[in-house]
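Written out below as structure tokens is the structure these notes cover.
Coordinate-derived values only; no laboratory data. All values derive from a computational prediction rather than experimental measurement. Note that each Cβ is placed from the backbone with ideal geometry, even for glycine, and that neighbours are counted across all protein chains shown.
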Amino acid sequence: MAEYNKHLYMVVFPINALVASQLAPDQFAEHYTIGSSKHFRGKVIFAEIDITYRDPYFKIDHYLGLTVPHEDGTPKRTKFVKSYGVIEHCDFKALKDLYLVLPNGKCLPLKQQPYTAVNEPGLVRVYQGITPLTAMVASTLDQRSFAKYLTQSESKGAPSFCFTQYEFNVEEFLKQNVNREMMHSPFPDTNPRRLYEYIMELRGHPEKQTKTVSLNSAFGETSFALVRHGFWFATKGEMVFYPMPSQDQLNNEYYYWWKHVV
């Protein structure tokens, strides 16, 4: 019988789950988009977890022991370890590469890098929670301050979460929609008038730092092309950053993935 390496994957979107598998990352990506009768609709994001990682919250050894080939010799594709409270109990030091998966199964691997950007204070940015928070939020906080705010907030935050920032030209949006009855939002399923009003409120009241644009995630219908900078995993006192490739890298090194992004 064939031998297969075992892997641990944390699915980040559209659910949050810890999964054991004998599939390599590119095979796992295809399985959850085009290869399974229980596949997710649309994009998928998952991170590989160090196979040696252990935490009392997860019965990892038990489920890895059940992750064995089928009788016909084919690999065990998935064995769910946990499907609740995963990111909150994951040590970020165990995070390896992050994978962005398109609906056609093609995946883009992202590697961690230190987040060293110097951010201009007071700019209005639009953040999208990925898991477990899924709200879209307009904020004058930069990424570090936004992460600190949500990981310390008992009423609106979470002890650990993953988020991204959307590419959004505030000045252009305001100019295009000023005095218009029918406004346009660059984000799917988002009320443009509310977005406009919240931006004006944040600008007019410096003491306000965040405004929830939508409690429903627009990420499922939003193109990866709208992702600015990359993805952050944040917990108290710690932040892990996965940068998106540059435009040149997308066009040259990752064209096989980029050409299918819509």
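Straight distance only, please: which aspartates and glutamates reach the Cα of Lys93 with their own Cα at less than 12 Å, same-chain residues fewer than 8 apart left out?
The reachable aspartates and glutamates, counting only those whose Cα sits under 12 Å from Lys93, are Glu48, Asp50, Glu238.
What does the C-alpha gyration tensor say about the overall shape of segment 7-110? Classify as rounded when a/c is under 1.5, otherwise prolate if a/b is larger than b/c, or oblate.
Judged from the Cα gyration tensor, segment 7-110 comes out oblate (a/c at least 1.5, b/c at or above a/b).
Just to verify a number: FRET efficiency for Ile15 and Met200, C-beta to C-beta distance, R0 = 25 Å, to 0.05?
0.10
Please identify the GluC sites (Glu not before Pro) of segment 151-241 that satisfy two criteria: DSSP loop assignment and at most 11 other Cβ atoms within 10 Å. Which are they?
In loop regions of segment 151-241 (DSSP not H, G, I, E or B), the sparsely surrounded GluC sites (Glu not before Pro) are Glu154, Glu181, Glu207.
Classify the chain as rounded, prolate or oblate, taking a ≥ b ≥ c as the square roots of the eigenvalues of its Cα gyration tensor: rounded when a/c is under 1.5, otherwise prolate if a/b is larger than b/c and oblate if not.
Note, shape of the chain comes out prolate.
Between Lys259 and Lys156, what is the spin-label point distance in nm, taking each point 7 Å from the Cα along the Cα→C-beta axis?
Reported label-point gap for Lys259 and Lys156 is 4.4 nm.
For a Förster distance of 22 Å, can you work out the FRET efficiency between the beta-carbons of Arg41 and Asn216, rounded to the nearest 0.05?
0.85
Given a cut-off of under 8 Å on Cα pairs at least six residues apart, what relative contact order in percent is computed for segment 26-90?
24
Could you tell me the relative contact order of the chain? Use alpha-carbon pairs under 8 Å, at least six residues apart, and round to a whole percent.
Contact order relative to length: 18 percent.
Subtract the Cα-Cα distance of Ala225 and His184 from 0.36 nm times their separation in residues, and report this length gain in nm to one decimal.
12.9 nm
Using helices alone, I'd like the mean residue ellipticity at 222 nm for the chain: each DSSP H run of four-plus residues gives -39500 (n - 2.57), total over residue count, nearest 500.
Computed mean residue ellipticity for the chain: -5500 deg cm²/dmol.
Which number gives the lysine pairs in segment 125-245 that have C-alpha atoms under 18 Å apart and are eight or more places apart or on different chains?
7
Report the extension gain between His70 and Glu120 in nm, rounded to one decimal, defined as 0.36 nm multiplied by the number of residues separating them, less their alpha carbon distance.
Difference between extended and current length: 12.6 nm.
Need one number: nm distance between label points at Glu88 and His62, each 7 Å from Cα along Cα→Cβ, rounded to one decimal.
The modelled label-to-label distance comes out at 2.0 nm.
Where Lys and Arg each count +1 and Asp and Glu each count -1, what net charge lies around Leu98 among other residues with Cβ under 9 Å from its Cβ?
Residues close to Leu98 contribute a combined charge of 0.
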